[in-house]
Every structure is written in structure tokens, then in C-alpha cells.
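A short write-up of the structure that comes next.
The values are calculated or read from the model by the stated rules, or taken from the named source; none is laboratory data. Remember, it's a predicted structure, so these values are computed and weren't measured experimentally. Cβ placement follows ideal geometry from the backbone for every residue including glycine, while neighbour counts extend to all protein chains displayed.
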Amino acid sequence: MTHIAFQSNRDIHTDSYERYHTSVLSIDLNALEHNYRLIKETLAVRADVMAIVKANAYGHGMIESVNCALRAGITQFGVANVNEALYLRSHCPKGAIVVLDANFPEEAEAILMHDLHPFVYSHEMLARINAVAELLGRRASVHIKVDSGMGRIGVQYDQAVEFIIQCRRYFPNIIIKGICTHFAAAESDKAFSQKQWERFYKVIKELESQGIILENYHIANTSASFVLGLPYFNLVRLGILTYGIRPRQTVQIDLAVKPVMRWSTRVIHTKIVEKGLPIGYGGTYITPEKTCIITIPVGYADGYPRSLSNRGIVVVGNKRRLIAGRVAMDHCMVDIGLDMPVSVGDEVVLIGSQNDASITVEELANLAETIPYEITCNAGKRARRIFLQ
Ligand SMILES: Cc1ncc(COP(=O)(O)O)c(C=O)c1O
């Protein structure tokens, strides 16, 4: 039998990435550092900032983002899971790494060995971490996650006080660094958010009445910190705004943050076509008149959502132009009309600006009927990444 060694996608790409990439994702680290500083200064009197850098810093590059945040004086970082935490720890020995999402019991050893601070909400996990800590002769720092209405992870808000009391009583190797919860609809449902806030506040007050005062109380993400208008205690967990993006196109935040991500590609083909020509899979775009159709080498496999078929906007020749037809795996077509000459190799901007014309992440997300977070997490999957400083 012959064995064939397959390369992973990543390996196939790395050799040729620098020379033959089809798009470029550039990350403006000066803008990112500016955002971190501005946000930290704005909130300084009331709260510390934890920079949320999970999912490769929402597609912006985890290590580079953490280095920017450290320069801006931020020292706490939120990642999704232990895997991400270990990656971050291996590149950045400095800073507290908080693991925001679910942890499996078998991860307790890694948590202890690398001084990770997980969100904890089950007795099983507390017991496991406590036992491993005992074995290693260390103490583990954790944040207790309260479910105040999200229905995801967390100890139910009406059982949280008892949970914390038991933790302090039975698990001496655990240090409770803080308690936290997460809003389900901070940007859209004030009444429900208020209810969540009150449930969380009640937990804090009941703990206080038992003489339990903790170092960190945290509830707020970007929307809760800048839009909701409820008190946000002494630590906030911020992601999307640090990348210069509002949580939704409709959300107004009066802070001079700068966009960090720019994504561009180049024209690979142009053709003049007559009126009435179907374009792309399914022929869903019919040229309304004689026009120029350009092809770009980016599709849904690059993270450009298929839902932008016949809706997406790109900037080419300093003008905003419409995606014509379905977004395919590796290509899109764009109707650029006949009023401007465009050649193979000319730049096309998918996110960002070109002179005076631009397409923002928020607008693109709105057109794709998704949220900005999903756009940046996926953008530029096959792109060459450039960090500008
Ligand atoms: C638990 C938790 N806290 C904070 C954040 C940061 O939210 P935002 O990016 O809206 O600031 C997230 C992001 O999803 C999260 O899951």
C-alpha cells in the first residue's frame, strides 16, 4: 500500500503565501494601541479594562493585539478556552489570562501549571481544580460565573451566593478573584438587561452582608459599558470597540476609536458585457445595461459571506460598487459600470477605505444580516496578513 503524505491547508498556503496571495488583511497596530489607550483613559476612574482577545482577537491577531494592550497599560486578557490561553501564555508571559468559556475537568492541570484564571460555575470543576492545586502545592485563581439570564454557562443567580460560600468553605486552594455575569442583549433590550443587572447586584449585596468582598465584579461588554447606561462595577470586558468597531451599525458610541482592520484584493479579470447577461451561479444578477463586470479572487472560503450575494459593497476606483450575482467559494463579480477604466491588478477594498470611499465592518455585517463580530472573525482566511506599525 502506498502512503501519501497530505499537507494541511495551512501548510499548503505558507510556502506561497507571501508571493501568490489573493488578498491582503492589514492590521493597523497604531490604531489598535490608540483605541486601547483611549478606552482605558475614558473608563479609568471607574473600572479596569480586560481586553477580550479570544478568537485570534476577533481576527485581528491575538499576540499582536495583546502586545498593543500591554503597551497601553492593560494587563488582563480574556480568551475563549484553555487552548487559546496556552497559545497566548507561550507567546506572552506577562498579564493575567482569563478563560471566559467552558472548561473541561481534565484541563485543571494546565490551568494550574500556567496560572490561568478560568470562569468556574460547577462543583465538579471546583473540586478538580482544588485537588490538582493541592497536589501541585499551589493555589488557583478563578472567577465565578453567574448565569443571570443568558442561559448559557454559569451558576444560576439564585444559587450563586451558596455556591461561593461553599467554595470558600470546602476548597481552600481556590482564590475567588471575582464574580461576573454576561448580558444577553445589552445593545437591544434595556428592560431585560436591567433585570439581569439587578439579579447580579443582589448576589453582590448578599455576599457583602455575609462579609464577603471580592476583588473584581464584572458584567459589562462594549454595549453595556458605552450604551446601556447601567453601572458596570469595577472591571469591564471589552472586545469589539477596541478593534474600532461598534457592536451594530445602529449603535452610536461617541468615542474616537479608529478602525483597525483593512481587507483588500485585486481585480483578476474584466469584461464588457451587453445588457441582459446573467452573472455567476444561478444567474441571479442580470446586467441592467451594457456594463463592465470585474472578477475578484475572493469568495466565501476567504470569509466573505455568501449572504452578500447581490448585496455586498466593495470599493474600486474610489467608488462603492455592488457585488453582482452569487458569492462563490473563490470568486465574486462586481458591476462597475462603464464610467471608469479598471485593469487587472487594480486594488479592490472589501473592508476599509480607498481615498474618500469606504465600506465599514458594521455596514458589511448589516448587509450580510449578521453582526460585525462574525465578519472580522472570518475575514481574510486565505489572506496575507500584514501588521502595520
Ligand atoms: C463573556 C464575554 N465577555 C465580554 C465579551 C466582549 O464583548 P464585546 O466584544 O461586545 O465587547 C464577550 C464577547 O463575546 C464575551 O463572550
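From the list VAL298, VAL316, VAL260, VAL334, the one residue that fits, being touching a Lys or Arg at 6+ places or on another chain (Cβ under 7 Å) and crowded, with 22+ Cβ neighbours inside 10 Å, is VAL334. Yes or no: region 87-102 includes at least one residue that is under 16 Å from ARG237 (Cβ atoms), in contact with a Leu (Cβ under 8 Å, 6 or more places away or on another chain) and part of a loop (DSSP other than H, G, I, E, B). Within region 87-102, one or more residues are under 16 Å from ARG237 (Cβ atoms), in contact with a Leu (Cβ under 8 Å, 6 or more places away or on another chain) and part of a loop (DSSP other than H, G, I, E, B). Against the numbered list (1) under 19 Å from the mean Cα position of the chain (by Cα); (2) aliphatic (A, V, I, L, M); (3) buried (at least 23 other Cβ atoms within 10 Å of the Cβ), VAL251 comes up short only at (3). All conditions in (1) over 22 Å from LEU238 (Cβ atoms); (2) within 14 Å of the ligand (Cβ to nearest atom) hold for ALA108, with the sole exception of (2). The conditions are (1) away from the ligand (no atom under 15 Å from the Cβ); (2) under 16 Å from the mean Cα position of the chain (by Cα); (3) part of a loop (DSSP other than H, G, I, E, B), and VAL298 fails exactly one of them. Which is it? VAL298 satisfies every listed condition except (2). Please verify whether region 166-188 includes one or more residues that are acidic (Asp, Glu) and more than 28 Å from GLY61 (Cβ to Cβ). Taking every residue of region 166-188 in turn, none turns out to be acidic (Asp, Glu) and more than 28 Å from GLY61 (Cβ to Cβ).
Selection of region 186-198 for residues being assigned to a loop (DSSP other than H, G, I, E, B) and either more than 15 Å from the ligand (Cβ to nearest atom) or within 21 Å of the chain's Cα centre (by Cα) (or both) yields ALA186, GLU187, SER188.
Of all residues in region 122-140, none are in contact with a Gly (Cβ under 7 Å, 6 or more places away or on another chain) and surrounded by 21 or more Cβ atoms within 10 Å (Cβ to Cβ). Please work out if PHE77 is of a type in the set (Phe, Trp, Tyr) and at pLDDT below 95. Here the answer is no, as PHE77 does not meet what is asked. Across region 207-249, the number of residues qualifying as away from the ligand (no atom under 12 Å from the Cβ) and either without any contact (Cβ under 8 Å) to a residue 12 or more places away in the chain or farther than 22 Å from ILE351 by Cα (or both) comes to 16.
Going by what's in this entry, would ILE165 be described as farther than 23 Å from ALA47 by Cα and out of contact with any Phe, Trp or Tyr (no Cβ under 6 Å at 6 or more places or on another chain)? Spelling it out, ILE165 is indeed farther than 23 Å from ALA47 by Cα and out of contact with any Phe, Trp or Tyr (no Cβ under 6 Å at 6 or more places or on another chain).
Of the residues GLY73, GLY149, GLY154, the single one that is away from the ligand (no atom under 16 Å from the Cβ), closer than 30 Å to VAL257 by Cβ and either of a type in the set (Asp, Glu) or in contact (Cβ under 8 Å) with a residue 24 or more places away in the chain (or both) is GLY73. The residues on offer are TYR217, TYR201, TYR232, and the sole one that is of a type in the set (Ser, Thr, Tyr), surrounded by 15 or more Cβ atoms within 10 Å (Cβ to Cβ), more than 19 Å from the chain's Cα centre (by Cα) and in a loop (DSSP other than H, G, I, E, B) is TYR232.
Within region 369-389, residues that are under 21 Å from SER223 (Cβ atoms) have Cβ atoms under 6 Å from residues that are among the acidic types (Asp, Glu) and part of a helix (DSSP H, G or I) in these pairs: PRO372/GLU362, counting only partners at least 6 apart in sequence or on another chain. Selection within region 90-111: residues that are in contact (Cβ under 8 Å) with a residue 24 or more places away in the chain and buried (at least 20 other Cβ atoms within 10 Å of the Cβ). The member of this set that is nearest to PHE183 (Cα to Cα) is LEU100. One residue stands out among those in region 77-87 that are within 15 Å of the ligand (Cβ to nearest atom) and crowded, with 21+ Cβ neighbours inside 10 Å: the one that is nearest to ILE111 (Cα to Cα), which is ALA85.
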